[in-house]
Amino acid sequence: MNKSRIPHADGSGKRARGQNDSNIRIQLSLLGRAALAYVTLLGFFVFPLLRGRKEPDGRLARRGYLDATQDRNCIIRWWQCAPEANVGIACAASGLCVLDIDPRNGGDETLIRLESRRPLPTTWRVLTPSGGWHFYFRYLGNDNVVGTLGEGIDVKHRGYVVAPPSIHPNGGQYRWDSGTHPVESHIAPLPSNLQRISPSKRITQPIGSAAESFLGIAFAKASWLGRPLGGGKYAVRCPWVHEHSRDDHSGKARGGGDDSSAALLPPTGEVRLGAFRCQHAHCVGRTILDVIRALPYEAIERAARAHPAAYQRAVYRLALNAKRDKP
């Protein structure tokens, strides 16, 4: 007997026991088959997003995630009409709550501090093309959950999430993390301490100055640290300043350390890693790992001596991304 599959990013798929796919052997794209499998195997409510985008396809799902369905015929029509439409999953209707962790906005630091109080249980996990994660949890409650847990961590419940194998605007692909695919692992219930966390307990307060963080010390050693901007922030020379457009009057590229378009932000957790921001279009999608790779060796060495825990965290993230990039 043939078995139905939830396609992986590489299109190979994973077989789920006891599921006959005789009724879903239809000429659908990889994305269409994934959408159908999410309904057939996991009972999710799905709807189409724009090709390579995160926004709903308003031609097909006029009300966005409110039009998410389990109707197989409707799903087939959607993806036959738009074979390259990304897949959206309506969270509340599907009994899900998803933590969206974005390292570009300090999600790494917030997650470390959050887990220092109570580690998150093992659950389904998606690798996002921007270098972050989606942690899936089962939540069947009727109450709204908090919208954020702090910098870089959004909580998706009354809304939707972009599902594998959808394509990110940067061209990368959403993928299930190794060992946490729905057919080879279990989804955990949403921890009670995250269901109604009070605003006073959200992980948002910066700790100290950006100049004292791991990145601040490394940028200073590389002579990339600029002037203070207030609130613990510092202007910095962007590692990719040579790619920036130049000012019409001065002829200099912005983000060279003299203005606020490239900056270091103070850390928000005990690991003291810090965060990097650059407002230039060429740097969209850059992560803290890209910054660490671009820093000179001696700068990393100096920062590692000052903040060994942050260095260990950075090495761990680099190793995780190396695993993520393997075919």
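The values are calculated or read from the model by the stated rules, or taken from the named source; none is laboratory data. Owing to the predicted nature of the structure, the values given are computational and were not obtained by experimental measurement. Because the Cβ atoms are built from the backbone with ideal geometry, glycine has one as well, and the counts that use them run over all protein chains shown.
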**Q.** Condition broken by ILE207, with the remaining ones in (1) modelled with pLDDT of 85 or more; (2) of a type in the set (A, V, I, L, M, F, W, C); (3) surrounded by fewer than 19 Cβ atoms within 10 Å (Cβ to Cβ) satisfied
**A.** (1)
Q) Within the stretch 78-100, which residues are charged (D, E, K, R) and either at pLDDT below 95 or part of a strand (DSSP E or B) (or both)? A) ASP100
Q: Out of ASN73, ASN86, report the one residue that is of a type in the set (S, T, N, Q) and surrounded by fewer than 17 Cβ atoms within 10 Å (Cβ to Cβ).
A: ASN73
**Q.** Verdict on ALA188 being surrounded by 16 or more Cβ atoms within 10 Å (Cβ to Cβ), small (Gly, Ala, Ser) and either modelled with pLDDT of 85 or more or out of contact with any Asp or Glu (no Cβ under 9 Å at 6 or more places or on another chain) (or both)
**A.** no
Q: Could you list, in sequence order, all residues of the stretch 105-123 that are more than 17 Å from PRO191 (Cα to Cα) and surrounded by fewer than 21 Cβ atoms within 10 Å (Cβ to Cβ)?
A: ASN105
Q.
Condition first: among the aliphatic types (A, V, I, L, M) and at pLDDT below 80. Can you find one or more residues in the stretch 149-159 that meet it?
A. no
Q) If you check every pair at least six apart or on different chains, which have Cβ atoms under 8 Å apart with a residue in the stretch 44-60 that is on the phi > 0 side of the Ramachandran plot first and a residue that is part of a loop (DSSP other than H, G, I, E, B) and surrounded by fewer than 23 Cβ atoms within 10 Å (Cβ to Cβ) second? A) GLY52/GLU84; GLY52/HIS168; GLY52/PRO169; GLY52/GLY171
(Q) Being assigned to a strand (DSSP E or B), in contact (Cβ under 8 Å) with a residue 12 or more places away in the chain and among the aliphatic types (A, V, I, L, M): is that true of ILE75 here? (A) no
**Q.** Residues located in the stretch 101-147, provided they are among the charged types (D, E, K, R) and either in a loop (DSSP other than H, G, I, E, B) or without any contact (Cβ under 8 Å) to a residue 12 or more places away in the chain (or both)
**A.** ASP102, GLU115, ARG118, ASP143
Q | From ARG324, ARG317, residue being within 17 Å of ASN105 (Cβ to Cβ) and at pLDDT below 85 | A | ARG317
